Structure formats: C-alpha cells, structure tokens
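Participant: After the structure tokens below, expect a handful of questions from me.
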Amino acid sequence: MKSAETFWDKAAARYAKSPIRDEASYQKKLAITREYFQPDWSVLEFGCGTGGTAILHAPYVRDILATDISKNMLEIAQTKAADAGIGNIRFRQGTLDSLSVFIVARKRA
C-alpha cells in the first residue's frame, strides 16, 4: 500500500487543481446522493481525495468521516474545509482495513 500512498501524495497538488471532467454528471450524482441524506446521519467516505464531495455534502448531515490513503490529499482537504467554514468533517488517513479498526475501537470507547 505504500506505493499507492506515495503515488497519491505526489499527485495531490496537481489533482487539487484539476477541474471535474463532467461537471453536469458530478452535480447530478451529488443531487441524487443528497436525496437519501438525513440531518442526523453520520456519513463515511472512503477515498475522499481533496475533500470536494465531503465538503459539498457536509451541510446535509450531522457529520462526515472522510478518509484517504494520502496525507497530502488530506492536508488539502482540511484546508478547503476550513476555508469553506465547514466544521463537521473529520479527515483520517488510512486504508479500508485500518479504518475498520479505528471505527470499531471508537464505537467501543
């Protein structure tokens, strides 16, 4: 997994500057997803990248745990969330396996 982490760490700045290729489809996907959200929900996003989707969904739910393998992606995501005034997203680095342990440990505490 270290090679994937290294790849995305190196790509983070370039990825953050890249426009969404199909903005209309992306907006449609966001709207469809929002139809299911409830204000008291806690949402988990795997592979959040630079946080764009989590930031757009955050106003519609209680909180979001947004995860990614890349530390650099998450640093950009945290900055974007702070700049947008969004405070209900927690960003965590890890793989799906390591995150499962984090969630179970948190639930038991």
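Laboratory data are not the source of any read-out in this text; all were calculated from the coordinates shown. These figures come from a predicted structure and were not determined experimentally. Cβ coordinates were reconstructed from backbone atoms using ideal geometry, including for glycine residues, and neighbour counts include every protein chain displayed.
Participant: Putting +1 on Lys and Arg Cβ atoms and -1 on Asp and Glu Cβ atoms, find which of 53, 67, 88 reaches farthest to the positive end of the dipole of region 2-108.
Facilitator: Farthest towards the positive end: 67.
Participant: To the nearest 500 deg cm²/dmol, what mean residue ellipticity at 222 nm is calculated for the chain from DSSP H runs of n ≥ 4 alone, each contributing -39,500 (n - 2.57), summed and divided by the residues? Spell out each step's value before the answer.
Facilitator: Details: 5 runs with 62 residues, N = 109.
Dividing the helical sum by the residues of the chain leaves -18000 deg cm²/dmol.
Participant: Hey, another quick one. Taking the Cα centre of the chain as origin, sum charge times position over the Cβ atoms of Lys and Arg (+1) and Asp and Glu (-1), and report the length of that vector in debye to the nearest 20. Kindly include the intermediate steps, with their values, before the conclusion.
Facilitator: Working: 16 positive and 12 negative charges, 31 e Å.
Using Cβ point charges on Lys, Arg, Asp and Glu, the chain gives about 160 debye.
Participant: When the expected Rg is taken as 2.2 N^0.38 Å, what fraction or multiple of it is the alpha-carbon Rg of region 2-108?
Facilitator: 1.08
Participant: Fewest to most neighbouring Cβ within 10 Å: what's the order for 68, 22?
Facilitator: On the way: 68 26, 22 10.
By the 10 Å Cβ count, ascending: 22, 68.
Participant: Can you classify region 16-59 as rounded, prolate or oblate using the Cα gyration tensor, where a ≥ b ≥ c are the square roots of its eigenvalues, rounded means a/c under 1.5, and otherwise it's prolate if a/b beats b/c and oblate if not?
Facilitator: Values: a/c = 2.64, a/b = 1.42, b/c = 1.87.
Note, shape of region 16-59 comes out oblate.
Participant: Residue 20 to residue 42: extension gain in nm, 0.36 nm per residue of separation minus the Cα-Cα distance? Show your work: numbers first, answer last.
Facilitator: On the way: separation 22, 0.36 × 22 = 7.92 nm, distance 2.58 nm.
Result for the pair: 5.3 nm of gain on full extension.
Participant: Measuring from label point to label point, each 7 Å out along Cα→Cβ, what is the residue 96 to residue 78 span in nm?
Facilitator: Going from the residue 96 label point to the residue 78 one covers 2.6 nm.
Participant: At a Cα cut-off below 19 Å, give the aspartates and glutamates reachable from residue 29, other chains included and same-chain residues fewer than 8 away excluded.
Facilitator: Residue 29 reaches 45.
Participant: Continuing with the same structure: Taking a cut-off of 15 Å between Cα atoms, list the aspartates and glutamates near residue 17, but don't count ones fewer than 8 places away on the same chain.
Facilitator: The reachable aspartates and glutamates, counting only those whose Cα sits under 15 Å from residue 17, are 9, 75.
Participant: Also: Show me, for region 19-26, the HN-Hα J-couplings you get by feeding each phi into the Karplus relation (A = 6.51, B = -1.76, C = 1.60, θ = phi - 60°), rounded to Hz, glycine and proline as x.
Facilitator: After applying 6.51 cos²θ - 1.76 cosθ + 1.60, I find x, 5, 5, 10, 4, 4, 5, 4 Hz.
Participant: For residue 2 and residue 27, compute 0.36 nm times the residue count separating them, minus their Cα-Cα distance, and round to one decimal in nm.
Facilitator: Values: separation 25, 0.36 × 25 = 9.00 nm, distance 3.25 nm.
Here the segment from residue 2 to residue 27 would lengthen by 5.8 nm.
Participant: Quote the relative contact order of region 2-108 in percent (integer), defining contacts as alpha-carbon pairs under 8 Å separated by 6+ residues.
Facilitator: Numbers: 145 pairs, mean separation 28.8, N = 107.
Taking the mean separation of contacting Cα pairs over the length of region 2-108, I get 27 percent.
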